[in-house]
Amino acid sequence: MDHTMSSRGSVEVFTQRRESSGRILNLSQGNIDTEYIIQEIKTNDEDLRSFLFSLGCYEGEKITIISVLAENFVLSVKDARYSIDRDLAEAIRVI
Amino acid sequence: MKLALTGNPNSGKTTLFNAITGKIEKVGNWAGVTIDKKEADIKKSLNTTEGRIIAIDLPGAYSMSPFTSEESITRDFIKNENPDVIINIVDATNISRSLFFTTQLLELGIPMVVALNKSDLNKKKKTIINLEALSKELGCPVVETTSTEVTNNGLELLISKVLETKGTSQIPPFSSKNVDLKDKKSVEASDKERFVLVNKIVKSVENRRVSSNKQTKQDAADRILAHKWLGIPIFIMIMWMVFSISQTYVGPLVADVFVSLIDGFYVFVEGLLGNDVSPVLSSLLLDGIIGGVGAVVGFLPLIMVLFFLLALLEDCGYMARVAVVMDRFFKRVGLSGKSIIPMVIGTGCAIPGIMSTRTIKNERQRRTTAMLTPFMPCGAKLPVIALFAGVFFNDAAWVGTTMYFLAILIIIIGALIVVTITGERNARSYFIMELPEYKFPSLKRAAMSMFSRAKAFIIKASTIILLCNAVIQIMQSFDWKFQVVAEGAQNSSILASIASPFAIILIPLGFGAWQLAAAAITGFIAKENVVGTLAVVYSITNFIDTEELTLVAGGSDVASIMGLTSAAALAYLVFNLFTPPCFAAIGAMNAEMENKVWLWSGIGFQLGMGYVAAFLTYQIGTLLTTKAVGTGFIPGFIAVVIMIGFVIFLMKKGDRKAKKKLAYSS
């Protein structure tokens, strides 16, 4: 599971996509270019939960990791790109 | 007629607002730029009715769910102000997220038109949206717009649809009427159903060629620009380029023109006055007003170029990536990457910088950032840096650069102090930032931003700065009996007697002269005043030598007039840069803090920091250069120790609070 920049050196558009393995994990353990389904947002912060929801980040929705940069994760959720930190990535459980 | 413009952050609301009203409100390519609501009349060319149409630009919102602590401005506005029509600006490249808010807005019972904005981007991506189908599903008109284009932008059609829709009603596609707003579970369930409906609508009207979760060239660019190690040097290099272009290359070239104009004006007025006018009046007019203001205005071109470049930077979308890069470091001092944006903006002017802290959700982080942003040297402080670098250090480049690095150091220390005192060292805070698409920055918008800034500066210079300089000139020319002060007896002037008590406090810092104290005090009204007041008080008429393009005419003369050693001069510079900002910026701080304790602590911190930093600079500098400590070492040292001791006491108290919190949570 190589997240570093060295494994994605070229600038072309990728057409392949990896399949999710079907295990439940949190997003910080995920693979790039794999489409996951969100299972749960593990947090006590209701404001955060509502905010994530309004972006389309909630149980049952699709989420893909685009890059891992500097301990931040770039995600694709409903046609937008977001950068989140490791703490937040660990709170998003996916399958 | 009242129009409310609302929509997701970064959907192009403010650009559209500017386009239909002809205004130049602040725009930036990162979510959260619009903070307060703004109102203006629609352009005559678009307004085909007899009466006024007022457009109101609201801050962006992702939804109107009752449990989000932000976005209440939109909700409250619509409930309280009763707009006639709502224009919902929807980012055409992301309707699957945007329509959530749209369907909520449709339930308000206010006639609505959807502006499908950024439609030029969709054309590029070859995404097709069936407008009629979408309009049918939503139950309201949908107009394609591209607010960044001057012509062919869909705005006329938009306004005509708005006029048609006025007074009509629509049936919302989704109704949450039966949901108990107080019950979290049922709100959540209703919201999920809403998204199910939105997904269905999107599927039926949108046809994408490339799926969004595929890698693109922009993602590859992000991997470099926001790279773990490369990101920082790239950012430093870009900021360095911004500064060297404005301060070293383009700026001074244009300044040359300005200064010749001012010189010419001075000679002209001098000629007009002739020999019969009283010397007091002539010195008031020539040295006080033209000299003082001229000293400042000469720097205007440098500041204009700086603003132009900063606007380009904000427009292209890079700032969000900088926030990602810096997040790692800011986390260590209790902030997030988002705090870098106000600080970068603050290098132009602290006021918009402080206002942009509104996008930071965490209250403590927002207030801390608002308090620390003024430490970044702003455009008004540039003349001060330039003056001292020129007079005392031969225009050496290290002076300015050191000030910026010192600012960063102070910000880091400040953030650490605040997070320790508030006992939140171990608090968890999540960072999430939308990464907008990169776009080629609009030169036109950057130019407009530059000119609006120049206009504001000229207004400021011709009112506040002019007034200050005139008052200072008068106060230093007369004594309390309102008699003119003799040539060598300036110490009996009104100004001297007011400033002298303050000057005593400044002795341990190396600059305990009333003239310097007076200049520093006027700096609170506008930082440029430091230069203006010094020009007046020391009767220096011209800081910029037009023949040699050096920053000071007769640098060593000026140095000897001020009577400062290099260490003291550096200390004075540090003092003026790192004390509280001008009153206008303090006003902005007050608006963001929303809490008097924070506000006064912030100002107290800034005062203390300025004093301590100047003290250290002067004493250590003097020690290094003369192997002895400077004047007033002991009293200054005591004062500094008391200040630092107080802060450490607060920090220890906060530490105990933090440990307790940690114990509770585990």
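Each reported figure results from applying straightforward, stated rules to the coordinates on display, with no laboratory input. None of these values were measured; they are calculated from a predicted model. All Cβ positions, even for glycine, are placed from backbone atoms using ideal geometry, and neighbour counts span all protein chains on display.
Just a few scattered comments:
- Across segment A:28-94, Cα pairs under 8 Å and at least six residues apart give a relative contact order of 38 percent.
- Across peptide A:57-67, the mean count of Cβ atoms from other chains lying within 10 Å of each residue's own Cβ comes to 4.
- Extension gain for B:Phe268-B:Ile561 works out to 102.8 nm (0.36 nm per residue, less the C-alpha to C-alpha distance).
- Percent of Cα pairs in segment B:89-204 per distance bin of 10 Å, from zero to the largest separation: 13, 42, 31, 12, 2.
- One equal scatterer on each Cα of segment A:28-94, no solvent, Debye formula: the resulting log10 I(q)/I(0) at q = 0.21, 0.25, 0.26 Å⁻¹ is -0.82, -1.21, -1.32.
- The mean number of Cβ atoms from other chains found within 10 Å of a Cβ in peptide A:32-40 is 1, as a whole number.
- Our Cα-only numbers for segment B:403-467 put the radius of gyration and Dmax at 20.1, 50 Å.
- R0 of 60 Å, Cβ-Cβ distance B:Lys166-B:Leu650: FRET efficiency to nearest 0.05: 0.55
- For residues of B:189-199, the mean tally of beta carbons on other chains within 10 Å: 2
- Stokes-Einstein translational diffusion, the protein assembly as shown - Kirkwood Rh over all Cα pairs, 1.306 mPa s, 10 °C, in µm²/s: 56 µm²/s
- Fraction of beta bridges assigned by DSSP in segment B:2-207 that are antiparallel (%, nearest 5): 25 percent
- Over chain B: helical MRE at 222 nm, DSSP H runs n ≥ 4 each giving -39500 (n - 2.57), nearest 500: -18500 deg cm²/dmol
- Length-normalised contact order of segment B:233-665 in % [C-alpha pairs under 8 Å, at least 6 apart]: 20 percent
- Modelled label positions at B:Glu156 and B:Val179, each set 7 Å beyond Cα in the direction of Cβ, lie 4.1 nm from each other.
- The stretch between B:Ile459 and B:Ser244 holds 74.7 nm of extra length on full extension. This uses 0.36 nm per residue minus the Cα-Cα distance.
- Compactness of chain B is given as radius of gyration and Dmax, 28.3, 87 Å, from Cα positions.
- Take every pair of alpha-carbon atoms less than 8 Å apart whose residues are at least six positions apart; their mean separation over the length of segment B:344-489 yields a relative contact order of 15 percent.
- Within chain B, longest stretch free of exposed GluC sites (Glu not before Pro) [DSSP loop, at most 14 other beta carbons within 10 Å]: B:150-486
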